[in-house]
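The values are calculated or read from the model by the stated rules, or taken from the named source; none is laboratory data. Every value quoted in this text rests on a predicted model; they were computed, and no experiment measured them. Because the Cβ atoms are built from the backbone with ideal geometry, glycine has one as well, and the counts that use them run over all protein chains shown.
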Amino acid sequence: MAGPQEQIEVIVRHIAVETQDIRSFVLERADRNLLPAFRPGAHIDVEPVPGLIRQYSLVGSPADRTQYMIGVKKEPRSRGGSSAMHGALQEGSLLKISPPKNNFALDDTCGRCLLLAGGIGVTPLLSMAQSLALRGEKFELHYFVRTSADLAFSMLLSAPQMKPHVFFHFGLVPPALNDFLQILLREAACDDQIYMCGPTAFMESIRVAAADEDWSQDRIFHEHFSAAPSPLPLEGDSFVLRLLASDLELVVPPDRSIVEVMRDAGIEIATNCEQGICGTCVARMVEGDPDHRDMYLTDEEHDNEQLFAPCVSRAKSRLLVLDL
């Protein structure tokens with residue numbers, strides 16, 4: 001297993017109120033060196049207070065390595081992340097972040113990119129839009145919010161190089177949303193691609209419209225966005241977990257996750273989200289029939305049955321062997 005990733009100490013250089021619920025944070029290295037390069041769609045782990053780690057998309061242009069920008073929505077049912085970001089941090093605060101990671105990389109080798117954002121889900125798409133605009137590529141960013149007051153990053157979106165590509169949609173809900181999406185996707189070229197991020201229902205509407213218009217799945221990319229994810233179901237049979245490196249066997253009951261059972265046995269592994277989104281806990285699977293429930297690994301990685309996310313996934317077989 002790889003060791004913990006290097007952390008970078010940064011200073012909160014600027015905090016801006018984007019909407020009633022969303023703030024943007026500009027981060028610079030405390031040592032004033034350049035930050036690591038990143039590709040559009042990347043995110044970083046942020047530790048606003050010791051022991052609390054959350055993932056936030058990088059909003060700024062990948063061409064600017066002097067600073068990172070992230071956007072954080074304060075959620076009423078926050079598990080601590082957005083509350084800490086909005087309450088504990090101020091300009092001048094020091095905190096730790098990880099180097100950029102990317103599960104949502106932009107592939108700009110094909111045709112036009114359709115960037116479809118719902119609410120705070122616009123954050124990973126903004127770096128894509130800026131990168132495409134800087135290179136003069138063809139793209140459209142469609143930003144769906146309830147009202148104009150919910151529009152975040154308005155200054156960035158109104159920049160001269162961005163304005164021709166950005167379209168705002170206010171209060172567009174089904175069935176009007178579905179009708180609009182079908183028209184938008186029907187008029188697309190055969191090599192266009194969709195990049196989408198937002199609430200689950202929003203992305204499901206896009207998937208349905210794309211299927212109706214015969215879009216192939218390899219042209220649709222998404223970032224699972226959930227600022228305050230609801231608990232994932234743990235139903236299923238109990239099974240035996242064998243840990244090779246620890247030389248230990250544990251029984252995982254239907255109502256407990258693998259990570260929880262391992263903790264009870266005194267075995268800690270690196271975790272962040274514990275919702276199957278970030279990929280921090282992914283381990284190598286040696287034996288067993290997996291019940292993949294994560295949203296981090298690709299369909300191909302699920303089919304290969306070599307990697308496994310123990311925070312949410314389970315086993316269909318009586319025995320599961322992990323290289324932990």
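Residues that are touching a Lys or Arg at 6+ places or on another chain (Cβ under 9 Å) and assigned to a strand (DSSP E or B) within the stretch 174-228 comprise Gln193, Ile194, Met196, Ile220, His222, listed in sequence order. Can you confirm whether the stretch 122-139 contains a residue that is assigned to a strand (DSSP E or B), free of Cβ contacts under 8 Å to residues at least 40 places away in the same chain and closer than 22 Å to Phe170 by Cβ? Yes, the stretch 122-139 contains at least one residue that is assigned to a strand (DSSP E or B), free of Cβ contacts under 8 Å to residues at least 40 places away in the same chain and closer than 22 Å to Phe170 by Cβ. Of Ala188, Ala159, Ala211, all but one fail to be within 30 Å of Phe25 (Cα to Cα) and not aromatic (Phe, Trp, Tyr); the exception is Ala159. Restricted to strands (runs of 3 or more DSSP E) entirely inside the stretch 238-324, those with at least 2 residues that are of a type outside the set (Ser, Thr, Tyr), touching a residue at least 24 places away in the same chain (Cβ under 8 Å) and surrounded by 14 or more Cβ atoms within 10 Å (Cβ to Cβ) are 239-243, 283-287, 319-322.
Across the stretch 272-324, the qualifying residues are those that are of a type in the set (Val, Ile, Thr) and under 18 Å from Ser246 (Cα atoms), and the one among them that is modelled with the lowest pLDDT is Val282.
Across the stretch 161-173, what is the number of residues that are part of a loop (DSSP other than H, G, I, E, B) and without any contact (Cβ under 8 Å) to a residue 12 or more places away in the chain? Selection size over the stretch 161-173: 1.
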